[in-house]
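> Handing you a structure now.
The values are calculated or read from the model by the stated rules, or taken from the named source; none is laboratory data. Nothing here was measured: the structure is a model prediction, and the numbers come from that model. Neighbour counts run over all protein chains shown; Cβ positions are idealised from the backbone, glycine included.
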Amino acid sequence: MRKLDFHFPRITFLCVGALLNTLSLPILATQPGQANIEEIQVWGQGAPVKQTDFNSPSSLLTQEDLVSINAATTEDLVNYEPSLVIRRRFIGDANGTIGIRGSNMFQTSRSMVFADGVPLHYFLQTRWSGAPRWSLVSADEIAQIKVIYGPYSAEHSGNAMGGAVNIETLIPEKRRFHAEGSVFNQGYDELGFDKNLNGFKGFMSYGDKFGDFSLYASYNHLENNSQPQTFRYSQMTKPAQGSETQVSGAILDEDRYGNSVLYFADSGSVDTTTDHFKLKLGYELEDWFTLFNIAYEKRKSATDSPGNYLKSNTGDPVWNGKVVQDGNVFDISSRNFTISDDDRQSLLLGGRLQGSLTENWWMELSLSYFEILEDETRSSKAHPEDPAYTAEGQVTDYEDTGWETAELRLQNDRFFGNETLSLLTGIRHEHYSLEINNYNSADYQSGVKTALTNSSGGETMISAVFTQLGWQITDNWDSAFGVRYERWESNDGFYGNIDHIDRSESRTSPKFSLGFNPSEHWTFRYSLAKAYRFPIVEELFQNERTTNGTSLANANLEPEDGLHQNLSIERRIENGYVRLNFFHENIDDVIFAQSTIVDNRSLNTFIPIDTVKTQGVELIYNQFNLMSGHLDIRFNITYTDSEITKNSANLNLEGKTFPRMPEWRGNLLLTYHINDRWDIGGGARYASDSYDDLENRDKADNVFGAQDSYTFINLKTSYRFNDNYRLSLGIDNLTDEIAFVAHPWPGRTFFLEGTVDF
């Protein structure tokens, strides 16, 4: 195993030194990050600034900030943002989960993602299945991204306990055809797997504007082969009895708990193919703007080449039974070598209407509809080369699965004709349905569809009313007072022939913010919010047993109850800013998805934890146009302490660090503009190691299942030959560091990209 002795916090000394020097620089009239940035038109531009922008700490990314990121997929673009992590295990990964601040990467229902006001977050499932549907918006159509931290505005529900990512896309101002082709290559060598893996992405789009009517259409095709996502191992048992099969090829190493184990297989490469079609139609009429978009995705993935390291004395592969190697006895099973494939088709419809009702009142109406058209996973019970292989297997099929949302917001920046008062108010309704069925694969293929007993599902609904009043007390002081009322319902929950009782809950969440601007250089803001995060369908109702795992839901879960605080201190400097955020969260009734491995099968349960306290400090330094306008710097580092402070069900957990929460997390993104055509840059992403289980027993590093520290260094250079042609070269994970986030992160990856515009 490889472990680099390099730690990201050392970089901070260089950056903090530069930061301190800049604090004395004079401020310019421009806002941070806006100097020499080309004007960008986005859908719905012209809307008044939301109250959210004042009450909550936020970070803005424009197209200028993205040029040094190797962005194969959309989630790559937010990878360098403060206190944020995307667990994208390989290019094309459908499970690119997101974690922000005190919400880890498997608490996906605590982070929201929108594109042009349409939700991409997936509040039907959590953990790896709850990743936002990033691929329903293309990286090439994005104009800007804003990350908002915490539930400090009444506009956001408790699903923003971590934060919200708001993506705005481009408006075609004239006819434009864009085409892009890129290839990527990764060499991965770990345990018994050693291969070169390749991928390809092709993208094209057409945009035009005909008077007040705008049109944008795009097609994206992605193919990629990944490193194995699972390595199979077994602990050594009693001494050999003489009846075991003699084998060779197993690799002696450790599991995440430091136990000596023998690795005997891997799951093989994941081969993915994704096709994405997008159509957006916009229309402007005086002060009104409307947008309608359709996104369709077809995704296929196959894990059909598992690696078997074990050979008998005759050189044949061994698939099951008790085996012995060098006197060590261990068990293997045919199910350790299964193959699977997935087919998924999704449809997303979204609409947005914005405009002025009167001189002071602004209205926005947002609608969305998402449906799983097809989602089937077919799994075998053995490898096709195993003599025990038969047509028997399992099909997991999602039916009647999707959501509908509707929100109406009204905003007035001169409430009651008073320039010091502003009002944001609105209503929102969300409805989620999930049904998961498991079938015998032989029956399913013949059209019988005989459901197994562990089919499950149900529905949830949330209706909300919110309002927030902003008050500019003096030229230097401002405040905001908000409240959000929510009514939640769970209906039609079932597990096989068992029906769950329908439930309903109501909660009220107050919000408060106070800001002080003693001068044009400094801003201080304290924000306080109550927030409730209601259980989602998977946590309540999804019980299933698959070939390689079992999941147990809990229909009686209570909503998570959070109290959130943030103190922000910001110093504006020439072409940038320095910001310090102190945050503190106390969350009761934490819904946690605990996962463990039992006999090479995963067991997943939802365990309520009484109280988790998270506190931390976040340092951000962004400055642009340094070195005579050539250098842009985005730097951030976060210290987080997340602790289980109360757990009456198991007192031994009190004082333990909450899982998947590294103490240190930091990012550095640099861009150097050599001239108007040539950019060179790159970045570094760092996280310290963390735990994966509640008892903090998993302390081994650089082994499958571990939550490793990592330092990933990425490079990119782009050259524009003229207005029509551009070529880019890039490298991710320059040092080829091997690290695990339970599953392995990618190894060193090379990128070659060319674009054409007409």
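> Looking at (1) crowded, with 18+ Cβ neighbours inside 10 Å; (2) at pLDDT 90 or above; (3) more than 19 Å from Q345 (Cα to Cα), which is the one condition that is false for N440?
(2) is the only condition that N440 fails.
> Of everything in region 249-296, what is in contact with a Ser or Thr (Cβ under 9 Å, 6 or more places away or on another chain), assigned to a loop (DSSP other than H, G, I, E, B) and not charged (D, E, K, R)? Give them in sequence order.
A250, S267, G268, S269, V270
> Inside region 481-520, can you point out the residues that are exposed (fewer than 15 other Cβ atoms within 10 Å of the Cβ) and in a loop (DSSP other than H, G, I, E, B)?
Those that are exposed (fewer than 15 other Cβ atoms within 10 Å of the Cβ) and in a loop (DSSP other than H, G, I, E, B): G496, N497, I501, D502, P518, S519, E520.
> For region 142-179, how many residues meet the condition of being more than 17 Å from D76 (Cα to Cα) and assigned to a strand (DSSP E or B)?
Result for region 142-179: 8.
Residue-wise test of (1) more than 24 Å from S728 (Cα to Cα); (2) out of contact with any Ser or Thr (no Cβ under 7 Å at 6 or more places or on another chain).
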position: A71; (1), (2): no, yes
position: E75; (1), (2): no, yes
position: V85; (1), (2): yes, yes
position: I98; (1), (2): yes, no
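> Which of the residues belonging to region 131-155 are under 19 Å from E430 (Cβ atoms) and surrounded by fewer than 24 Cβ atoms within 10 Å (Cβ to Cβ)?
Across region 131-155, the qualifying residues are R133, L136.
> If you don't mind, there's one more thing I want to ask. From the list V612, V578, V617, which one is closer than 18 Å to S56 by Cβ, in a strand (DSSP E or B), of a type in the set (A, V, I, L, M, F, W, C) and at pLDDT 95 or above? Quick ask: steps written out before the conclusion?
Details: V612 fails: closer than 18 Å to S56 by Cβ; V578 fails: closer than 18 Å to S56 by Cβ.
Going through V612, V578, V617 in turn, just one is closer than 18 Å to S56 by Cβ, in a strand (DSSP E or B), of a type in the set (A, V, I, L, M, F, W, C) and at pLDDT 95 or above: V617.
> Report whether or not N225 is polar (S, T, N, Q) and either in contact with a His (Cβ under 7 Å, 6 or more places away or on another chain) or more than 30 Å from N328 (Cα to Cα) (or both).
Answer is yes for this residue.
> Given A35, A29, which one is over 30 Å from H121 (Cβ atoms), at pLDDT below 90 and loosely packed, with under 15 Cβ neighbours inside 10 Å?
A29
> Continuing with the same structure: Looking at (1) part of a loop (DSSP other than H, G, I, E, B); (2) at pLDDT 95 or above, which one does T717 not meet, given that it meets all the others?
Against the list (1) part of a loop (DSSP other than H, G, I, E, B); (2) at pLDDT 95 or above, T717 comes up short only on (1).
> Sticking with this structure for a sec: Test L348 against the stated conditions and say whether it is in contact (Cβ under 8 Å) with a residue 60 or more places away in the chain, touching a helix residue (DSSP H, G or I) at 6+ places or on another chain (Cβ under 8 Å), in a strand (DSSP E or B) and not charged (D, E, K, R).
yes
> Let me ask you something else. Go through (1) closer than 22 Å to I591 by Cβ; (2) within 28 Å of the chain's Cα centre (by Cα); (3) modelled with pLDDT under 95 for I501 and report which single condition fails.
The single condition I501 does not satisfy is (2).
> Could we say that W362 is crowded, with 17+ Cβ neighbours inside 10 Å, more than 30 Å from the chain's Cα centre (by Cα) and touching a residue at least 24 places away in the same chain (Cβ under 8 Å) here?
So W362 passes the test.
> Of all residues in region 192-206, which are among the hydrophobic types (A, V, I, L, M, F, W, C) and out of contact with any Asp or Glu (no Cβ under 9 Å at 6 or more places or on another chain)?
Hit for region 192-206 is L197, nothing else.
> Could you grab me the full set of residues in region 609-660 that are of a type in the set (F, W, Y) and under 30 Å from N575 (Cβ atoms)?
Within region 609-660, Y621, F624, F635, Y639 qualify.
> Here are some residues: T12, T52, T97, T22. Which one is under 19 Å from Y710 (Cα atoms), among the polar types (S, T, N, Q), touching a strand residue (DSSP E or B) at 6+ places or on another chain (Cβ under 9 Å) and at pLDDT below 60?
Every option except T12 fails the conditions.
> Shifting gears a bit: For region 327-341, enumerate the residues that are in contact (Cβ under 8 Å) with a residue 60 or more places away in the chain and among the acidic types (D, E).
Scanning region 327-341 gives a single hit, D331.
> Of the residues L424, L410, L434, only one is surrounded by fewer than 20 Cβ atoms within 10 Å (Cβ to Cβ) and either within 20 Å of L349 (Cα to Cα) or in contact with a strand residue (DSSP E or B) (Cβ under 8 Å, 6 or more places away or on another chain) (or both); which?
It is L410.
> Hey, could you check region 682-709 for residues that are of a type in the set (A, V, I, L, M) and within 23 Å of D266 (Cα to Cα) and say which is surrounded by the most Cβ atoms within 10 Å (Cβ to Cβ)?
By that ranking, first place goes to A706.
> Would you check if there is a residue in region 162-171 being more than 23 Å from the chain's Cα centre (by Cα), touching a residue at least 24 places away in the same chain (Cβ under 8 Å) and crowded, with 21+ Cβ neighbours inside 10 Å?
yes
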